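A quick write-up on the structure given underneath.
The values are calculated or read from the model by the stated rules, or taken from the named source; none is laboratory data. If you're wondering where the values come from, they're calculated on a predicted model, not measured in any experiment. Reconstructed Cβ throughout: ideal geometry from the backbone, glycine too, with neighbour counts over all protein chains shown. To get the accessible areas, we keep the full protein, side chains included, count just its heavy atoms, and leave off ligands, DNA and RNA. Shrake-Rupley method; radii C 1.70, N 1.55, O 1.52, S 1.80 Å.
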Amino acid sequence: MRELHLVKDVLAKDIVLEANRKGFGRGLLAIGKINENIVAACADLTESTQIHLFAEAFPERFIEVGVAEQNLATLGSGLSAMGKIPFISSYAAFSPGRNWEQIRTTICLNDRPVKIVGAHAGLYTGADGATHQVLEDIALMRALPNMAVIVPGDSVEAEKAVAAMANDHRPNYLRLTREPTPVLTTSKTPFEIGKAYVYAEGKDLTVISTGVMTYQAMVAAEHLFKEGIDLEVIHVPTIKPLDSLTILHSVHKTKKVITVEEHQINGGLGGAVAELLAEEFPVPVKRIGVRDKFGQSGKPDELLEHYGLTSKHIMAQARKMVK
Amino acid sequence: MTKSLSIAELEQKATEIRESIIRMLEHAGSGHSAGSLGLADIFTALYFDILKCEPKKPDWDGRDILLLSNGHTVPVQYAALAHAGYFPKGELITLRRFGSRLQGHPERTKLPGLETTSGPLGCGLSQAAGMALAMRMDKITHRWVYVVMGDGELDEGNIWEAAMLAGKYKLSNVIGIIDRNNIQIDGPTESVMPLENLHEKWEAFGWHVLEIDGNNMQEIIDACALARSIIEKPVVIIAHTIPGKGVDFMEYDFHWHGKAPNKEEAKKALNELRTLKGKIRSEHE
C-alpha cells in the first residue's frame, strides 16, 4: 500500500480541528498566485465561502455577482469561454441547488470547465436548519455527464483539491463544510481527482466513506479493532468518477460494505457504490446517511446523533454484519 | 470577412437565408419558424457586415462573438453560418436528424462557429458578461460580444440578474439585441407576461437603449455601429421584428412560433420568397 502519511492517532484528544472551507480559501489563494488565469466569482458570501482571501489579493480577478446564483453559474461559463479558470462559490443549497439547469446546459453540455464550490453543505451547517443543510447536492451533480464531484475529508485535502481542480479540464463540483472537523491528512498525503484511498486496512468489512464522515469511520475502525473486528476504511474524496478498482479490490476481500456520508442515502456515495457493486460484485451493502428526511436546527453533534451518522452507528452496523 | 455587400445585396442574402430556413424546417418536420424568419435580417447583417469573423477560422482569437440566447431560433443561425461559408449549405437539411451537427437546439461542441450551447432560456446575457469581463481582465479592446435574445425570454430572472451585473460593471463591449416580435408560445407577450415598458426597464438597469426596425438592414447596421461607439455603458438594441417575416401566412401569427411548414406550406412560402411577394416571376414556376 502507498504510504498515506495520515495523522498518527485519530483518537487523540488534541487532534487538530479546522473547517475544510479554510483549506479551500488557502488553496485558491495559493494557486491564484501561480496561475493568473484563475479567476473567482461569488454570490454575496465571500467570507463564509473563504473566497475573500483570493478576492482581497486579486481584486481585478474577482467578480461579486450579488445574490444571483443563476448568474453566477452562467457568468462562470462565459469567463471559461475566454480561457479563464473560474471558481464560483456560494452555499451548496443555492449553487448547485438553485442553478442546476444553468450548470447542466451552459457548463456541462457546453463543456466549460467551471469550478463550482458549494459551501455549508450537509448537517454541519447546524443552527441554520434544513433550508441551508443541503443533503442532495452530490446527487444533483453526480447525475451530470462531464462533471467531477469532489468531497474532501478535511481542510488539508480541500487545499490540495483546489490545485487539482485548477488543472482538471472538466467542470468540477467541490463540496465544503462549515464547521471545524478533525484533520486526518498531512501535506504529504496524496490526492488525485478520481482516486480513493485505503485509510485503514482490514479483512472483515469495507467501510466506504466520503467527506468529513471519514473521521467517524476511522474512529469506528480503531474501536472495533479492539473488539476483534477488522474494518477496512476507504476514503472516497471523488464520488464521480468513482475509483471502482480500489473499491472492488477491497470488496473482493471483505465481501461486506457499509457506506457513510453526510447526505441523502439516495443518489450520493451510497447510491454510487450500490450501483457499482450491483453490476460488478453483488454483496451485502448498508448505506449510512440521511434516510429521505430533511435536516433541522441543532449542533452538528446533536444532528449526527439524531440522524445516525456517528462512529457509534457505524460500529453497531458493522457488528451486525460481521457477526 | 470582406464587407463589400450593398444594402440591396444584403437584403437578397437575407431572402436566400429565409429560403434555407423554410427548406430546413420542412425537411426536419419540426422547429421554430416565426422567430427564425423574423431574425433573418439581423443574422444576415451580423454575419455579412457587422461581425469581425473568419468563417474558415471559426476560433480566430480576434473575432467578435455572437451568442444566440434564444436557441430555438437556431435555424436562422445555421443558415447564416452556412451561407457565410462556415460549413457546406448541403448540410442544412440534416437539421434535427440523428447524427447531425445541426442539433434541434445549438450545441457548441458539435458545430464550429457556435459560441455556446443554448435552448433553455435566459442564459446568454450572463455568458456575454463573463466573456466581456474576461476581455477586460486581459485588456482586450475592439472585440465585441453580441447576444441575441428573444423577447419572451425576458421573462427569465437570469436575464435581469445579468442586466444588473453588466450595468454595475459598465460592460460596454456587450451589445444585446432583443428580438421584439411580441409573441411567445402561449400567445402575445403582453398577455402572457407584460414586458412593457421595456425601454425604461433596461435604462433603469444601467443600459443605453436603442430601438430600431429589426427587419431594416440599414437600421440594424447603423444601430450596431452606434452601439460600438458608446463606451460608457452596455447597449441593448430593441429590434422590433415581424415574426414570420417574409411569408405572409406566417407573419404576426404566434401559432407559427414553434411549428414547421408542411410540404404544401413550404412550397407556398418558397414561392412567395422567390417572387418577392409576387413582384417578380419565379424561375421555378
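Structure data summary
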item	result
Some residue of segment B:14-23 being within 30 Å of B:E156 (Cα to Cα) and out of contact with any helix residue (DSSP H, G or I) (no Cβ under 7 Å at 6 or more places or on another chain)	no
Given (1) over 21 Å from A:L75 (Cα atoms); (2) in a loop (DSSP other than H, G, I, E, B); (3) open to solvent by 30 Å² or more (accessible area, probe 1.4 Å), number of the condition A:G202 does not satisfy	(3)
Filter result (open to solvent by 10 Å² or more (accessible area, probe 1.4 Å) and either in a helix (DSSP H, G or I) or more than 7 Å from chain A (Cβ to nearest Cβ) (or both)) within segment B:120-132	B:L121
Pairs where the first residue, in segment B:206-217, is more than 24 Å from B:R18 (Cβ to Cβ) and the second is aromatic (F, W, Y) and not in a strand (DSSP E or B), C-beta under 9 Å, 6+ apart	B:H208/B:W202; B:V209/B:W202
Unmet requirement for B:R108, which otherwise passes all of (1) within 7 Å of chain A (Cβ to nearest Cβ); (2) in contact with a Leu (Cβ under 6 Å, 6 or more places away or on another chain); (3) open to solvent by less than 20 Å² (accessible area, probe 1.4 Å)	(3)
Out of A:P96, A:P86, sole residue that is closer than 18 Å to A:A163 by Cα, open to solvent by less than 20 Å² (accessible area, probe 1.4 Å) and in the same structural domain as A:V117 (by TED's automatic domain parsing)	A:P86
Leading residue by the ranking (nearest to A:L28 (Cα to Cα)) among those in segment A:166-182 that are touching a helix residue (DSSP H, G or I) at 6+ places or on another chain (Cβ under 6 Å) and part of a loop (DSSP other than H, G, I, E, B)	A:L176
Checking B:L95 against (1) under 25 Å from B:I221 (Cα atoms); (2) of a type outside the set (D, E, K, R); (3) touching a Leu at 6+ places or on another chain (Cβ under 6 Å); (4) open to solvent by less than 10 Å² (accessible area, probe 1.4 Å), the condition it does not meet	(1)
Output for segment A:279-323, where each listed residue is among the β-branched types (V, I, T) and assigned to a helix (DSSP H, G or I)	A:I314, A:V322
Out of A:M321, A:M315, sole residue that is in contact with a strand residue (DSSP E or B) (Cβ under 8 Å, 6 or more places away or on another chain) and at pLDDT 95 or above	A:M321
Selection count where residues are open to solvent by 60 Å² or more (accessible area, probe 1.4 Å) and either touching a strand residue (DSSP E or B) at 6+ places or on another chain (Cβ under 6 Å) or in a loop (DSSP other than H, G, I, E, B) (or both), scope segment B:255-264	2
Residues located in segment B:48-82, provided they are open to solvent by 10 Å² or more (accessible area, probe 1.4 Å) and either within 9 Å of the chain's Cα centre (by Cα) or closer than 27 Å to B:D155 by Cβ (or both)	B:H72
Condition check for B:T116: in contact with a strand residue (DSSP E or B) (Cβ under 8 Å, 6 or more places away or on another chain), facing another protein chain (nearest Cβ under 9 Å) and either outside any helix (DSSP H, G or I) or modelled with pLDDT under 95 (or both)	yes
Hits in segment A:70-94 - residues which are part of a helix (DSSP H, G or I) and over 26 Å from A:L123 (Cβ atoms)	A:Q70, A:N71, A:T74, A:L75, A:G76, A:S77, A:G78, A:L79, A:S80, A:A81
Residue check for A:T125: over 21 Å from A:D154 (Cα atoms), surrounded by 24 or more Cβ atoms within 10 Å (Cβ to Cβ) and either within 13 Å of chain B (Cβ to nearest Cβ) or touching a residue at least 60 places away in the same chain (Cβ under 8 Å) (or both)	no
Residue check for B:H142: modelled with pLDDT under 95 and either more than 7 Å from chain A (Cβ to nearest Cβ) or within 20 Å of B:C53 (Cα to Cα) (or both)	yes
Some residue of segment A:244-266 being basic (K, R), outside the structural domain of A:D292 (by TED's automatic domain parsing), in a loop (DSSP other than H, G, I, E, B) and at pLDDT 95 or above	no
Wholly within segment B:186-235, helices (runs of 4 or more DSSP H) carrying at least 3 residues that are closer than 27 Å to B:I50 by Cα and open to solvent by 20 Å² or more (accessible area, probe 1.4 Å)	B:198-204, B:217-229
Test: residue in segment A:283-292 that is surrounded by fewer than 15 Cβ atoms within 10 Å (Cβ to Cβ) and within 17 Å of A:Q133 (Cβ to Cβ)	yes
